[in-house]
1. Please tell me if residue B:159 is surrounded by fewer than 22 Cβ atoms within 10 Å (Cβ to Cβ), within 30 Å of residue B:396 (Cα to Cα) and free of Cβ contacts under 8 Å to residues at least 24 places away in the same chain.
2. If you check residue B:525 against the conditions, is it at pLDDT below 85 and within 14 Å of chain A (Cβ to nearest Cβ)?
3. Give, as residue ranges, the helices (runs of 4 or more DSSP H) completely inside region B:22-112 that count at least 1 residues that are within 9 Å of chain A (Cβ to nearest Cβ) and modelled with pLDDT under 90.
4. Taking region A:205-227 on its own, how many of its residues are more than 7 Å from chain B (Cβ to nearest Cβ) and farther than 30 Å from residue A:156 by Cβ?
5. Being within 12 Å of chain B (Cβ to nearest Cβ) and acidic (Asp, Glu) is the filter here; which residues of region A:237-281 pass it?
6. For residue A:305, work out the one condition from (1) closer than 24 Å to residue A:200 by Cα; (2) in contact (Cβ under 8 Å) with a residue 24 or more places away in the chain; (3) under 23 Å from the mean Cα position of the chain (by Cα); (4) crowded, with 18+ Cβ neighbours inside 10 Å it doesn't fulfil.
7. When you scan region A:43-114 for strands (runs of 3 or more DSSP E) that lie fully inside it, which ones turn up with 2 or more residues that are touching a Lys or Arg at 6+ places or on another chain (Cβ under 6 Å)?
8. Please go through region B:461-507 and pick out each residue that is surrounded by fewer than 24 Cβ atoms within 10 Å (Cβ to Cβ), in a helix (DSSP H, G or I) and β-branched (Val, Ile, Thr).
Amino acid sequence: MAVSVLGMARHIADELKEGLSGTGVRSAARGLRRLLDADFVALADLSGRAVWAPDEPPFYADANALVERVLHSENREGRSPLVAVPLHVDHELAGVLVVAGASRRAAVREASKWVVEALERGRLEASAEQAAQAELRALRAEISPHFVYNALTVIAALVSSEPDRSRELMLDFADYIRYSLAKHGEYTTVADEFHAIETYLALQRAVLGDRLQVQVRVAPEVLAVALPYLVLQPLVENAVRHGIEPRTGTGHVQVRGEAEGNDCVISVEDDGLGMDPALAEEILAGRGGSDSVGLANVDRRLRSVYGPWYGLVVETATGEGTRVVVRIPRFQPGVMPG
Amino acid sequence: MSAKIWALSGAFAVIIATFYIGWRSSRTASTAQDFLVARRTVRSRRNAAAVSGEYLSAASFLGVAGLVLKDGADALWYPIGFTAGYLALMLFVAAPLRRSGAYTLPDFCEARLGSRALRGLAAVFVVFIGILYVVPQLQLAGQALANILPVPTWVGATVVTVVVIVNVFGGGMRAITVVQAFQYWLKLFAIAAPTFVMCLLFIGNGGLRDGQATTLTEALPPTFTQNTEIDVRTPVLLRVEDPVWLAARGETDGEPAMGTVYWGPGTHEVAAGTTLHFSKGSSVPVVAGAPADNESWLAPASNGGDLFSTYSLILALFLGTMGLPHVLVRFYTNPDGRAARRTTLHVLLLLSLFYLFPIMLGALSRLYVPELLVTGQTDAAVLNLPHSIAPGILGDILGAVLTAGAFAAFLSTSSGLVVSVSGVLSTDVLRGRVRDFRFATAVAGGVPLALAIAVRQTDISLTVGMSFALAASTFCPILLLGVWWRKLTWVGAAAGMIVGGGLVLASLVINTISNLTGGWAPSVFSQPAIITVPAAFLTVILVSKATPAKIPADVAQIRLRMHAPDNLGLTRDRAVASFGTAEERSRLADGRHRKE
C-alpha cells in the first residue's frame, strides 16, 4: 500500500516537472484522481484552462466558474463534492487544483501541498539549469587581459623586424578572439577545440619564445567527437600559466587526444612546478581562490553534461608537473556540435 | 620444412608490423615546430582503405576462393554481395547516419528514437553479430596454423585471440585508422602478387601440365594432376560421376577397406581417419551437393533449389553490411556526411579491386588442388595452391606471402570486431570505466574463442553469411526506416529487432542441429534472409503504425539534422562563425600553416 502511494506520488512529481502548462499535466491529474479516490480531478494554470482526468465532467461550466473565482480570490472555493484549491508556489499563485467527489478535506489539502512542492522542485531545477548556462556563458568570456596585453606587445615588437611572422600571429590572435567570443551553440568538435588550442599556443610561443616547447597530437578517430565549448582551452592555459610561466628555463606542454573504447581521452600535461595533491582537490572542489576558477568550472560543466563518471582527473605532485585528463564519451544524446 | 618456416615467418612479420604501426602512430611525438598539423582530418581515401582493411576478413581472403573452387559461378554472388552492401550503405545510410552523430549502432537507436530500452536490445544484437562473425575467423586461423605447424586447431585460434587482446590492451588500436589502412594494402598485395605470379606460371607452362587435367568448360569432373594421397579427417559424402579406381585404407561405404576399391557412379561415404589414394589422371569425386563436373560448375544456378538460397544470400549481403558493428564505427571518423558518402564510394572501388583476385585463385584451385573437393575443406585452397603450382622455393615464398595476408585478415577483422563489441559491452552492459573496458575486451575475445574451439567448423562464408543475415534482419530495418520514415517508433523498432533477430537465431540453431544429425533441414534454414528480412520490416512498420503516440517529440529536428545537406550550413555554420569561411581564411593566410 505504502509503496504504491509513494510510487504514485513520485510519478505525479515527475510529470509536473515542466509546470502546470507542461506536457505531463494530464497524467499528473490522473495520478491525483487515483490517489484521492475522487470522481474527477483537474489542474488549471493561471490562464484558467483546466486539464481534467479522466475526462471533462458534466458540470464542466460550474467547475470553470469555480476556477475563475479561485484565480481572483486566491482562496479555497466551493464545497464538497466540488472544491477548488489555489496552488501557491513561492508565495505566488501558480494554478488551481479542482477535486470532485467524496474526498476528505485533509486529503485534498495534503495533495495540493504535494503538487505545490513538485512545482517548486521543477522551478528549482529549471533555475539550476539556467545558472549552469549562465556559468558557461561567463566562462566563455574569460580571456586573460594579461595574455592579450603580452600577445599584442610581442606582435608589435615583431612588426618591423619580422613583418610576415607578426602578420601570421595577428591572424592567430584574430582566430583566438573569434573562437572565444563568437556567438555559437553549446557544443563544438574536438577538431575545432584543438584548432583553438593551436592558435593559443602559437601566440604563447611567440611570447615565451624557446622557453615553451609544445607537442600536440590527436588521433584522427576522435576529431569528430562533440564536446562543450572551451573545455580544453582553459586546461592548456592553466598548464602554461601555472606550469611554465612562473619558473625559469624550458618547459614542455603536451596535449594528446586518443580513442579508448567508446570514449575519447584527452590529456594536457606540463612538466612545471606541479602542486600538492590536496591543493588540486581543493581547486577541483571550487575552493581554490579566484585564480583557478577555470579548472573547477570545466569539471562541473563536464559532469553536468556527461554525468558524474566524466569529471576531470588531475595527476600531480609538488615539483613533478601536472597532468589533467578529460574523458568524454564519443556519443552522448543531445550533445551535437553547432 | 623450409616451406613451413617461410609461412610462419610471413605470419609473424604481419603480427609484428601490426604492433609496430599501432604503437608508433600512437606513441611517437611530432617535433615542436610542426605541431600545427595536428588538426588534420582523415582523407576519404585513407579512411576508405581503413574501412576495407577492417572489412576484408578471412571469409574474403580464403573463403571466397574456396567457394569458387567448390560451387563455381554460384559462389560469385559472395564477392558481389560483400561489395554491393556498400552500395546500399552509400545510397541510403552513410551520410544521414554520420550527420546524426552516432558512433555505434545502439547510439543511433538512442539518438533517433530516444529509448534506453531499445538501446539495450540493440547492444545485445551487436554482441551476437560480433561473436557470430569472429568465431569463423578464429576457426580458420586455427586451420591455417595447423596447415603450417603440427599443432591442433585450437592453437591458431588462441594465438590470434591473444594477439588481438594484447594489442587492444597495449593501446595499439588507438590509432586504428592507420593500422587498418595498412592492413588493406597489405592484404591487397598479399593476394595480388601471388595471383599474378601463379597466372604467369600457368600461362608459361603452356596451360595445364601434360594436358591431362580437365579444362574448366568440359562436361567432365576435374582430374588429379598427380598421384595424390588424401587423409579424410571428418566423415564426408562424395558424389562420383565417372567410375574411378582408388586405393583406400580405412572405411568406405560402411565397410572396412584395405587396398584397391572401385567406385561406380553415385554417392559414396567415407569415414573419418580413412586414407584415399588416387592415381594421376583419374577423375575427382566431389563432396555431395557441389557441382560435380566442370561445365555445371561454370554455369550459374545449376540446380533449381539454389535459386531461392541465392536470392536469400543476395538480400542478406546487400542489406547486412550496413548493420555490421565494426563497419559503422569507421564512418564516425569522417568529418561530415559528404565525406562519409565519398568514403563509401572509395570503399566500393577498393573492394571491387580486391575481389578480382580470390576469384582467379578459385579457378586456378579447380585445376591444381582438386583434392580439396574430396575432403570438402575448400577454405584451405588459397594456402595450398602455391605448392601445387610451383613446388620449391618459389612456392614457399608465394605461400608465405599468402599466409601473411591471411593472418592480416584474421587480425584486422577480429580486432575491429573485438573493439566494437567490447565498446558496446562496456558502455551498455557493464556501465563502467577503463578497467571495465579491458574486462569487456577479454570477454569479447574469450567467448568467441571458446565457441570457436567448441563448435564444429563449416565453410566460413556460410557462417559469415549467417551474421550478415542477422545484421540485415535486425539493424537494417531500423537504419533504413530510421533515416527515411518519419513514423518509426521505438516499440516498432524493438519488435522488429526481436522478430527478425529471433527468426535468424532460431534458424541458426535448427541448422546447427540438422548439421549434426544428418542434414535434414531445407536450405532456407542456412540462408534465412529472404524470409526474416521482410518479416522484420513488416513488424517494424505495423507495430510503429499501431503505436503513433510513441513517435519521439523531436523527430522533425532529428530528421532535419540527418537530411540537411552539409553545405546548407546546419553543421558548418558553427565553423564559419568561429573561423570564417574557407575563402576568407585562405585569402587571409595565403594558404600557409592553416591546414584545414
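The values are calculated or read from the model by the stated rules, or taken from the named source; none is laboratory data. Keep in mind the model is a prediction, meaning the values are calculated, not measured. A quick note on method: Cβ atoms are made from the backbone with ideal geometry, for glycine too, and the neighbour counts reach across all protein chains shown.
1. Numbers: surrounded by fewer than 22 Cβ atoms within 10 Å (Cβ to Cβ): yes; within 30 Å of residue B:396 (Cα to Cα): yes; free of Cβ contacts under 8 Å to residues at least 24 places away in the same chain: yes.
When the stated conditions are applied, residue B:159 passes them.
2. So residue B:525 fails the test.
3. In region B:22-112, B:44-55, B:94-100 are the helices (runs of 4 or more DSSP H) which contain 1 or more residues that are within 9 Å of chain A (Cβ to nearest Cβ) and modelled with pLDDT under 90.
4. Of region A:205-227, the ones more than 7 Å from chain B (Cβ to nearest Cβ) are A:205-212, A:222, A:225, A:227.
Adding the requirement that they be farther than 30 Å from residue A:156 by Cβ leaves A:222, A:225, A:227.
The total comes to 3.
5. Residues satisfying the conditions are A:258, A:260, A:263, A:269.
6. The number of the failed condition is (1).
7. Per the criteria, A:50-53.
8. If the condition is that a residue be surrounded by fewer than 24 Cβ atoms within 10 Å (Cβ to Cβ), in a helix (DSSP H, G or I) and β-branched (Val, Ile, Thr), then B:463, B:483, B:491, B:498, B:499 are the ones that fit.
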